[in-house]
Amino acid sequence: MPGWTCLVTGAGGFLGQRIVHLLVQEKDLEEVRVLDKVFKPETREEFFNLQTKTKVTLLEGDVLDAQYLRRACQGVSVVIHTAAVIDVLGVIPRQTILDVNLKGTQNLLEACVQASVPAFIYTSSVDVVGTNSYKEIVLNGHEEEQRETIWPDPYSYSKKMAERAVLAANGCSLKNGGTLHTCALRPMYIYGEKNPFAYVKTIRALNNNGILNVTGKFSTVNPVYVGNVAWAHILATRGLRDPKKSPIIQGQFYYISDDTPHQSYDDLNCTMSKDWGLRLDSSWSLPLPMLYWLAFLLETVSFLLHPIYSYCPPINRHLVTVSNCVFTFSYKKAQQDLGYEPPVSWEEARQKTSQWIGSLVEQHNRTLNTKTQ
């Protein structure tokens with residue numbers, strides 16, 4: 001089936017960029033349309049300089065603009081939908097998150113129906129299944145288990161409902177008489193170069209004498225390297241386009257992890273940063289149950305103040321729970337159905353991420369030296 005075209009939403013993001021870099025190496029891909037609300041100048045330049053025969057078309061548009069999406073989807077063979085608003089602290093208005101993550105996904109599905117796009121891959125999240133309590137223990141969870149988050153926080157809720165809409169759309173009739181086939185990928189916490197959360201954490205540590213804030217020392221999780229998540233999207237794309245594999249994948253979701261050791265979030269941050277003199281805060285911290293109830297107290301204060309003052313607590317119960325859970329998942333089903341084998345080893349992923357953090361440290365030090373001269 002030569003001469004196909006792919007649309008990637010959220011293409012300027014942490015994961016989206018990686019997917020595009022792999023996509024342009026795909027056989028017979030004539031065009032990749034990279035869609036985001038706004039592209040940074042350096043991202044534009046990066047896409048412009050891609051060494052590929054594939055046509056790369058930059059589209060700046062909003063997933064809430066249904067007409068724009070319909071035009072963007074014309075002639076497209078596969079949509080990879082990574083665009084989302086992520087917010088764990090409640091800084092972004094709830095309605096904004098619901099609009100982009102849920103309404104935007106529904107708009108894109110409708111655009112696919114109208115433009116007769118036959119394949120749709122959704123970047124979901126492990127957050128759609130919880131964890132619902134910091135006391136809950138899930139080790140090597142799998143797709144056959146019936147799980148879903150009960151948290152009302154807008155990110156988890158919107159991703160859960162959007163994934164549900166994507167999987168329900170599998171088998172829908174397209175305008176040209178064809179059929180829409182969908183699947184969803186649920187990555188663990190994604191780490192790697194250019195991770196926006198790691199960037200903020202590193203800069204804060206550099207401005208705090210090299211001390212990393214402790215946020216998840218009670219957790220046991222299996223983070224996944226960004227390059228491996230991007231590869232899983234390529235395999236899902238191939239799978240939905242393959243007449244033999246497609247019936248197995250249609251309407252399915254897959255947990256995406258890799259061979260990164262099970263560890264706490266704090267240990268992961270420390271492992272990536274220790275070569276550059278950054279270290280975890282060794283001062284005494286609250287026991288987990290007390291931390292949870294402190295978060296509840298702060299949420300209550302925020303609620304009571306809301307009519308007269310907008311107070312955003314530094315922690316909330318959902319953040320405390322997901323940051324301190326025992327919550328790991330197997331990629332066995334993705335291995336079986338998609339042929340997924342993580343191409344980047346833990347050692348290579350650690351080295352690349354650490355080098356990137358090192359570049360942030362060096363940049364910070366150069367800035368300090370310039371100021372003192």
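GNM remark for the chain: springs join alpha carbons under 10 Å apart, and the peak mean-square fluctuation among A168, A84, A115 falls on A168.
Compute the distribution of all C-alpha to C-alpha distances in the range 236-286, in bins of 10 Å from 0, and list the percent of pairs in each, rounded to whole numbers. All Cα pairs, binned at 10 Å, distribute as 19, 27, 17, 19, 15, 4 percent. Hydrodynamic radius of the range 5-67 by the Kirkwood approach over all distinct alpha-carbon pairs: 11.7 Å.
Each residue of the range 215-230 was assigned a 3J(HN,Hα) from its phi angle through the Karplus curve 6.51 cos²θ - 1.76 cosθ + 1.60 (θ = phi - 60°); the sequence is 10, x, 6, 8, 7, 9, 9, 10, x, 10, 6, 4, x, 6, 5, 4 Hz, with glycine and proline shown as x.
In this structure, the amide hydrogen of T328, modeled 1.01 Å from its nitrogen in the peptide plane, lies closer than 5 angstrom to those of V138, L139, N140, G141, counting only residues at least 5 positions away or on a different chain. Overall shape of the chain was characterised from the C-alpha gyration tensor. The equivalent ellipsoid obtained from it has semi-axes of 34, 24, 21 Å, in decreasing order. Rg over Rh for the range 127-176 works out to 1.11, using Cα positions for both radii and the Kirkwood form for Rh. Put simply, when 150-156, 6-12 are sorted by average Cβ atoms within 10 angstrom per residue, most first, you get 6-12, 150-156.
The string of couplings for the range 241-249 from the Karplus curve (6.51, -1.76, 1.60, θ = phi - 60°) is 8, 8, x, 7, 7, 3, x, 6, 8 Hz, one whole number per residue in order, with x for Gly and Pro. Give me the distance between the Cα centres of the range 241-302 and the range 312-351, rounded to whole Å. Taking the Cα centre of the range 312-351 as reference, the centre of the range 241-302 is 7 Å away. Of G277, G210, G104, the residue with the greatest mean-square motion in the GNM of the chain, using alpha carbon springs below 10 Å, is G277.
By the Cα gyration tensor, the range 117-236 has an equivalent ellipsoid whose semi-axes, rounded to whole angstrom, run 32, 19, 13 from largest to smallest. Projecting the Cα positions of C270, T82, S282 onto the charge dipole of the chain (unit charges on Cβ atoms of Lys, Arg, Asp and Glu, taken about the Cα centre) puts T82 furthest along the positive direction.
Comparing T43, T182, T215 in a Gaussian network model of the chain (Cα springs below 10 Å), the most mobile by mean-square fluctuation is T43.
Amide H contacts of F253: A184, each under 5 Å away and 5 or more positions distant or on a separate chain (H built 1.01 Å from N in the peptide plane; Pro and chain starts excluded). Using the Karplus relation 6.51 cos²θ - 1.76 cosθ + 1.60 with θ = phi - 60°, the per-residue 3J(HN,Hα) values for the range 18-29 come to 5, 4, 4, 4, 7, 4, 5, 8, 6, 5, 6, 6 Hz, with x marking Gly and Pro. Remark: the chain carries a charge dipole of roughly 320 debye about the Cα centre, counting +1 on each Lys and Arg Cβ and -1 on each Asp and Glu Cβ.
For the pair the range 189-218 / the range 5-72, the C-alpha centres are spaced 28 Å from each other.
Read-outs throughout are calculated quantities, based only on the coordinates presented, and are distinct from any laboratory measurement. These figures come from a predicted structure and were not determined experimentally. Backbone-built Cβ (ideal geometry, glycine too); neighbour counts: all protein chains shown.
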